[in-house]
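Peer 1: Here it is, the structure in full.
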Amino acid sequence: MRSKLSILLLLSISLVSMVYGQDLITNGNFEKYRILPRFEGDLNSAKDWYTLVNSADYLNTSYNGWMPQFGGAHEGYGYVGLSSYNLANGASEAFGQEIDPDKIDPTTPYIIEFYGKGSVYGWNCAGISFYTFEQDPVANQFDLHISSLPGAKHLFTSEPVVDSFWTHHYSCISIPENTAYLGVTMDKVANCPQYIYVDELKIYPFVVDLGPDTSLCPGEALVLRSPFPKGTYQWEDGSSQQTRIVKKSGTYKLSVTIGSCTLSDDVTVSYRKPVTDKLGKDSMLCPGDSMLLTAPSDADSVKWSTGSTNSSIWARTTGMYTLTMFKEGCVFTDQLRVSVSNLHKPRLDKDSIFCPGFTIRQVAQQNGASYLWSNGSTRDFIDITHPGTYWVTVTKGHCTQSDTITIGEEVTSPLDIGPDLQWCAGDTFILTPAELDPSWKLRWSDQSEKPTLQITTPGTYALKADWKCGTLVDSVQVNEIECACSVFIPNAFTPNDLGENETFGPVADCYFTNYRFRVYNRWGQLLFESSHLDQKWDGAYLQNACPEDVYFYDFIYADGRKQRYYRYGTITLLR
């Protein structure tokens, strides 16, 4: 709701009407120029300004030729630099501007203000002086102070400019009648080597006017504000603030003192009776809803922004509903914004399955809505990088809509063809993936595509498995070693209770440490495991005889030198 009944309406009456519109100085900020300065002593490049004593500097930082130590203007780009000549007669550079005598009222005090700063290498011994002339002065030598020019009248001298940063100087002055020219220079101080910068120069009338007596409607306030930032203020209640906010009937008087000038004025304020009720707060409707808006009962008459003059109306569509109320000559307005949500159900993608490393963006953007995703995000989108179920709730006002998406990830077994192997002369290894997905397309390093690879020589052997989401790779290194003892592993045995070749296991003529011998069927099921060389497989599993077939074994051991070996192969069981 935007209501003049609940928000204090501030009517502002300025103490000086269009102060800067009456400024006697043109281009006081030195932003306008005939041409950009290119050399020192180029003050005549600034529009409406002229050199009186050579050679005032026109600095404009939009020209990049000036050295950095000059700094920048107080505002904008242009400003002026003045130098004294360190002579006994106080000679210094000066500049000036023609003044329209018809704009000057000799009975009115004027405010003079400017920003000045001193050079970091100056003596800080002089301020800025202003002189007036009834005709254009003429000067062209370097060893002169403009106070020596014919017709020079001293107008004002600031306190010494001692800071190397911009300082605001401000005072009240009287301007002589028939003034046609203003001259600006440094204070006449003998043997004063100093450099001063000047910017934002203004001269305008000092007028205090609180305006006519006034009658206000309820809820209005009158702001009495002085535009003079460095004045001394005295109100009739003893307060000294620059601004006074009037909220009740009475006579208000202000005296403003600037320098030696003091002016005052007063104004009488009265109030009429108010309208008491308010229209209400802004509201959000969900589609199909409506709300009743009712005008205050103590208004003389009303008119709605819909054109209705009834005391109540129904709001069903989005818009700003304005109520104008009339009472005892005062016009009161109150506004209520009604928003009908155009919220619709967010449209996330269909449930999907993606390859590992995926990123998909889901967008639920709707103008003017807020968002809450299942991961806590409040943006209008999320980037999904992991499988799971994700939901979003979109809210406008008190209306909400939601949607959900489930994302899966393609999963496959890792490719593993075993650890690196130690190879002794005559060994034969069979490399087989630990888990083999039937959808994989296999390619061994010898380009074969079978599920196993027989190894009879040392070397590096690799397997690639292509699947729908890429390629899996694994490799083993088969290293040839100097075998410490002779180990024999049969390739067949006959566990038929005839007394010969009844068991299967490694046969060696040496001592092993860290011994482990295992037997698997072709589906990778562990049938037998032994940690002692004299424990061998009898061809049975869980006390049941295994059928004739080819079985796989692996054999890990370390010899007396603690050299570790690994062997893998097949055994044929015959009955």
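Peer 1: Take the residues of segment 334-353 that are of a type in the set (S, T, N, Q) and modelled with pLDDT of 85 or more: which is surrounded by the fewest Cβ atoms within 10 Å (Cβ to Cβ)?
Peer 2: Taking segment 334-353 as the starting set, the residues that turn out to be of a type in the set (S, T, N, Q) are 335, 339, 341-342, 352.
Add one more test, that the residue is modelled with pLDDT of 85 or more, and what stays is 335, 352.
Numbers: Q335: 15, S352: 12.
Ranking the qualifying residues of segment 334-353, first place goes to S352.
Peer 1: Can you pull out every residue in segment 176-198 that is farther than 15 Å from I128 by Cα and either at pLDDT below 90 or not β-branched (V, I, T) (or both)? Reasoning before the result, please.
Peer 2: Of the residues in segment 176-198, the ones farther than 15 Å from I128 by Cα are 176-181, 191.
Listed by number, the residues that qualify are P176, E177, N178, A180, Y181, N191.
Peer 1: Report the residue count in segment 434-453 for those that are closer than 13 Å to L472 by Cα and of a type in the set (A, V, I, L, M).
Peer 2: Of the residues in segment 434-453, 2 are closer than 13 Å to L472 by Cα and of a type in the set (A, V, I, L, M).
Peer 1: So, in segment 534-561, exactly how many residues are under 17 Å from F517 (Cα atoms), part of a loop (DSSP other than H, G, I, E, B) and at pLDDT below 90?
Peer 2: Keep residues of segment 534-561 that are under 17 Å from F517 (Cα atoms), which gives 534-541, 550-559.
Filter once more, keeping what is part of a loop (DSSP other than H, G, I, E, B): 534-536, 538-539, 559.
Narrowing the set further to residues that are at pLDDT below 90 leaves 534, 559.
Going through segment 534-561 one residue at a time, the tally reaches 2.
Let's see how each residue does on (1) aromatic (F, W, Y); (2) touching a strand residue (DSSP E or B) at 6+ places or on another chain (Cβ under 9 Å); (3) not assigned by TED's automatic domain parsing to the domain that holds W49:
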| residue | (1), (2), (3) |
| --- | --- |
| W166 | yes, yes, no |
| Y170 | yes, yes, no |
| S174 | no, yes, no |
| E177 | no, no, no |
| L182 | no, yes, no |
| K188 | no, yes, no |
| Q194 | no, yes, no |
| E220 | no, yes, yes |
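Peer 1: OK, next. Can you tell me which of A462, A425 is among the small types (G, A, S), outside any loop (DSSP other than H, G, I, E, B) and farther than 21 Å from R522 by Cβ? Outline the logic, then answer.
Peer 2: On the way: A425 fails: outside any loop (DSSP other than H, G, I, E, B).
Result: A462 is the single residue among A462, A425 that is among the small types (G, A, S), outside any loop (DSSP other than H, G, I, E, B) and farther than 21 Å from R522 by Cβ.
Peer 1: Just the residues that are in contact with a Cys (Cβ under 8 Å, 6 or more places away or on another chain) and surrounded by 13 or more Cβ atoms within 10 Å (Cβ to Cβ), please, taken from segment 318-333.
Peer 2: Answer for segment 318-333, where residues must be in contact with a Cys (Cβ under 8 Å, 6 or more places away or on another chain) and surrounded by 13 or more Cβ atoms within 10 Å (Cβ to Cβ): C330, F332.
Peer 1: Now a separate question. Anything in segment 485-506 that is of a type in the set (V, I, T) and within 26 Å of I417 (Cα to Cα)? List them, or say none.
Peer 2: Residues of segment 485-506 of a type in the set (V, I, T): 487, 489, 494, 503.
Correct list: V487, I489.
Peer 1: If you don't mind, there's one more thing I want to ask. Might you let me know whether segment 213-232 holds any residue that is at positive phi, at pLDDT below 90 and not polar (S, T, N, Q)? Reasoning before the result, please.
Peer 2: Of all residues in segment 213-232, those at positive phi come to 219.
With at pLDDT below 90 added as a condition, the list becomes 219.
The next check asks that each one be not polar (S, T, N, Q); those that pass are 219.
Within segment 213-232, one or more residues are at positive phi, at pLDDT below 90 and not polar (S, T, N, Q).
Peer 1: Residue under question is S164, and the condition is that it be out of contact with any Leu (no Cβ under 8 Å at 6 or more places or on another chain), closer than 22 Å to A190 by Cα, crowded, with 20+ Cβ neighbours inside 10 Å and at pLDDT below 90; does it hold?
Peer 2: Working: out of contact with any Leu (no Cβ under 8 Å at 6 or more places or on another chain): yes; closer than 22 Å to A190 by Cα: yes; crowded, with 20+ Cβ neighbours inside 10 Å: no; at pLDDT below 90: yes.
For S164, the condition - out of contact with any Leu (no Cβ under 8 Å at 6 or more places or on another chain), closer than 22 Å to A190 by Cα, crowded, with 20+ Cβ neighbours inside 10 Å and at pLDDT below 90 - is not met.
Peer 1: Have a look at Y511, Y461, Y515 and point out the one that is at pLDDT below 90 and in contact with a Ser or Thr (Cβ under 7 Å, 6 or more places away or on another chain).
Peer 2: Details: Y511 fails: in contact with a Ser or Thr (Cβ under 7 Å, 6 or more places away or on another chain); Y461 fails: at pLDDT below 90.
From the options Y511, Y461, Y515, the qualifying one is Y515.
Peer 1: For the list (1) among the aliphatic types (A, V, I, L, M); (2) more than 27 Å from W444 (Cβ to Cβ); (3) crowded, with 17+ Cβ neighbours inside 10 Å, I need the number of the one condition that V519 fails.
Peer 2: That leaves (2) as the condition not met.
Peer 1: Next question. Looking only at segment 87-101, count every residue that is within 27 Å of T61 (Cβ to Cβ) and either assigned to a loop (DSSP other than H, G, I, E, B) or not hydroxyl-bearing (S, T, Y) (or both) and tell me the total. Break it down into steps so the answer makes sense when it comes.
Peer 2: Quick first cut of segment 87-101, residues within 27 Å of T61 (Cβ to Cβ) only: 92-98.
Cutting the leftovers down to either assigned to a loop (DSSP other than H, G, I, E, B) or not hydroxyl-bearing (S, T, Y) (or both) gives us 93-98.
Of the residues in segment 87-101, 6 are within 27 Å of T61 (Cβ to Cβ) and either assigned to a loop (DSSP other than H, G, I, E, B) or not hydroxyl-bearing (S, T, Y) (or both).
Peer 1: Another one. Have a look at G376, G408 and point out the one that is at pLDDT 90 or above, under 26 Å from D351 (Cα atoms) and in a strand (DSSP E or B). Reasoning before the result, please.
Peer 2: Details: G376 fails: in a strand (DSSP E or B).
Going through G376, G408 in turn, the sole match is G408.
The values are calculated or read from the model by the stated rules, or taken from the named source; none is laboratory data. No experiment lies behind these values; they were computed from the predicted model shown. Cβ sites come from the backbone with ideal geometry, for glycine too, and all protein chains shown count toward neighbours.
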